[in-house]
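Quick notes on the structure that follows.
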Amino acid sequence: MGYLLVEKGIVLNLLTLSLSAVSLVALYYFAVEDLDASPRFFYTEGWNSFHWICYFYIAYPMLFVLCKIFYRLPAGGWMENMVCSLGRHSYGIYIFQLFYFTLIAPYLLNIMASVNSVVFHEFMYVVISILACTYPVVRFIRNLSDRAVLLKIFLLASLLVGGVLFVIWQWRPFYKAVEPFAPYAVAQHDDDTLRVVMIGDSWVYFHQTLRRDSVLEVKIKKAIGHKRIKLLAKGKGGVASGEIYNYMSAERTMAKEYDLNNCSQPIIEQGADYCIISAGINDARQRRGKQYYVTNYYQIIRFLLSKGIRPVVMEIPEVEVDEAYEGNTLYYQLRSRIVMRMMETNLYGTHDYRQALKDSLTVHHLMDSIVYIPATSWNPNGWLDKRDIYTDDHFHLNLKGYELLDSTFATEIVKDYQSRKSAIK
């Protein structure tokens, strides 16, 4: 093909167009359908479309279109100069690509694996690779020896790629699910007391400060009748699911240099029949990503179930997350949009997180092991609820909202308790 292009130029006739049509069909089956045509065509995953039959379209119609576009560029313009410069240094770019894709690209892919969005992941990989393989070669190899060229290319590419990887690495701990902590003993009881604990974010914290814990105890007592009720709660404002999980362990709390006063291990290790979990609102507000949220939540549930505690999973209501976004700086908004693409989540609202958690619980067959409270059962319209159950920030419940939520907690816990008790009989 190279010989024909040099000798005859780009020729579009019945033969070349027919071969181009054949190559398009071949590209579809090799690249999209992942066709295994061995032994006629060597099969290898990731390179399956790189066969001679696939190149007619690229060599003739595609190259013809690119040439037409090039000849229409303004003479002496930056675009024409850039294309010509790339052409003059094509061999140097090719040599550097061998080095880049062998030694640097694998590490880039490994670090970028924490990015959930496939589209964003591929886009960033392509952009970084193009810049790393072209700009240093075109900009810095003039009038230098071959050894100096390679050394300078290596140093500049390392700085460029290293800078990008450093940024991704710095962000990753914020969006990577936390590691499981070492288990600890939890007291077991066989008496007439129904024990309930609450852990989580600011919704639990304000439940404590507004003296709602004793109100919930009374509601459960009225609904269940004969048993004593003991309720303990521990919440901290602003924490996402990962921090809530870490606070469940005193050892992890100290390792992270968190405030031990917010650690929920002391109330969990006293033993409980049910644990109400309020988590996810800050995951959505901080754009932590669905994978971060569901992985941490799964670890919370798994630990509680291993200790004989039945999790009460409160689905995230539709709070006004977008107000926290709109009221921030331009840098924060730009970062939020980038993170949104990286984490494949919606910039506004909590629907994606609700659905992701529900899907995860279903996949892990946990729905029968928990008490699941859908947001639609008590707050179907979120902060737009006409019953005026939210504070002015549209992010937290007022007393009326807690009254509604506590009634739902009491009803669902008692219903589950009586159902399980009947099943045992």
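The values are calculated or read from the model by the stated rules, or taken from the named source; none is laboratory data. Note that the coordinates shown come from a computational prediction; the quantities given were computed from them, not determined experimentally. Cβ sites come from the backbone with ideal geometry, for glycine too, and all protein chains shown count toward neighbours. Just so you know, the surface numbers come from the protein's heavy atoms only, side chains and all, with ligands and any DNA or RNA stripped out. Shrake-Rupley method; radii C 1.70, N 1.55, O 1.52, S 1.80 Å.
Some observations on this one:
- Test: residue in the stretch 43-50 that is assigned to a helix (DSSP H, G or I) and on the phi < 0 side of the Ramachandran plot: no
- K230 being under 27 Å from R354 (Cβ atoms), of a type in the set (K, R) and either in contact with a Leu (Cβ under 8 Å, 6 or more places away or on another chain) or outside any loop (DSSP other than H, G, I, E, B) (or both): no
For every residue, the table says whether it meets (1) open to solvent by less than 10 Å² (accessible area, probe 1.4 Å); (2) at pLDDT 90 or above; (3) assigned to a strand (DSSP E or B).
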site	(1), (2), (3)
L357	yes, yes, no
Y372	no, yes, yes
D388	no, no, no
E412	no, yes, no
Y417	no, yes, no
S422	no, no, no
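- Within the stretch 51-79, the residues that satisfy the criterion of being modelled with pLDDT of 80 or more, farther than 14 Å from V22 by Cβ and part of a helix (DSSP H, G or I) are M62, L63, F64, V65, L66, C67, K68, I69, F70, Y71.
- Among the residues of the stretch 390-403, those identified as surrounded by 17 or more Cβ atoms within 10 Å (Cβ to Cβ) and hydrophobic (A, V, I, L, M, F, W, C) are F395, L397.
- Hits in the stretch 234-282 (condition: of a type in the set (S, T, N, Q), open to solvent by 10 Å² or more (accessible area, probe 1.4 Å) and part of a helix (DSSP H, G or I)): N261, N262, Q265
- Taking the numbered list (1) closer than 19 Å to L399 by Cβ; (2) buried (at least 20 other Cβ atoms within 10 Å of the Cβ); (3) in contact with a helix residue (DSSP H, G or I) (Cβ under 8 Å, 6 or more places away or on another chain) in turn, Y205 passes all entries but (3).
- The residue list L216, L210, L231 contains one member that is open to solvent by 40 Å² or more (accessible area, probe 1.4 Å), touching a helix residue (DSSP H, G or I) at 6+ places or on another chain (Cβ under 8 Å) and either under 20 Å from P311 (Cα atoms) or not charged (D, E, K, R) (or both), which is L210.
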